[in-house]
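The values are calculated or read from the model by the stated rules, or taken from the named source; none is laboratory data. Values in this document were obtained by computation on a predicted structure and should not be read as measured data. In this analysis, Cβ positions are derived from the backbone assuming ideal geometry, glycine residues included, and neighbour counts consider all displayed protein chains.
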Amino acid sequence: MKRIDFKFDKITSDEAREMQYKLSLDLAVYRVFINGYSKTGYVIFDEAKLSKDKLLEMLKPFEPEVISEKELTPQELIESSLSWKNTLAA
């Protein structure tokens, strides 16, 4: 699994919501968050099912800039999804 964080040059809140929904329907995508107000977002996906190039092609109209990339294990994804994990100060 891979997590890619983005900064978008051109995206509205409506476009962000639509793209987030579209990506969430893809079985290769585990998590997606796109904020049209801050123009940031991230996608966690399976590279074996969806290539980075294909993902960037889908986001191309919004001029994405890759801020960071990180490999994730299933364990890390699960732990980051636990509610108690999100309430602790880091």
*asked:* Quick test for you: out of Lys70, Lys7, pick the one residue that is touching a Ser or Thr at 6+ places or on another chain (Cβ under 6 Å) and touching a residue at least 12 places away in the same chain (Cβ under 8 Å).
replied: Lys7
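Taking Ile67, is it loosely packed, with under 13 Cβ neighbours inside 10 Å, at pLDDT 95 or above, of a type in the set (Val, Ile, Thr) and outside any loop (DSSP other than H, G, I, E, B)? Steps first, please.
On the way: loosely packed, with under 13 Cβ neighbours inside 10 Å: yes; at pLDDT 95 or above: yes; of a type in the set (Val, Ile, Thr): yes; outside any loop (DSSP other than H, G, I, E, B): yes.
Criteria met by Ile67.
Taking the conditions exactly as written (surrounded by fewer than 14 Cβ atoms within 10 Å (Cβ to Cβ), touching a residue at least 24 places away in the same chain (Cβ under 8 Å) and of a type in the set (S, T, N, Q)), does Ser80 satisfy them or not? Show your work before the answer.
Numbers: surrounded by fewer than 14 Cβ atoms within 10 Å (Cβ to Cβ): yes; touching a residue at least 24 places away in the same chain (Cβ under 8 Å): no; of a type in the set (S, T, N, Q): yes.
So Ser80 fails the test.
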*Out of the residues in region 1-54 that are over 26 Å from Leu82 (Cα atoms) and surrounded by 18 or more Cβ atoms within 10 Å (Cβ to Cβ), state the one that is farthest from the chain's Cα centre (by Cα).*
Ile11
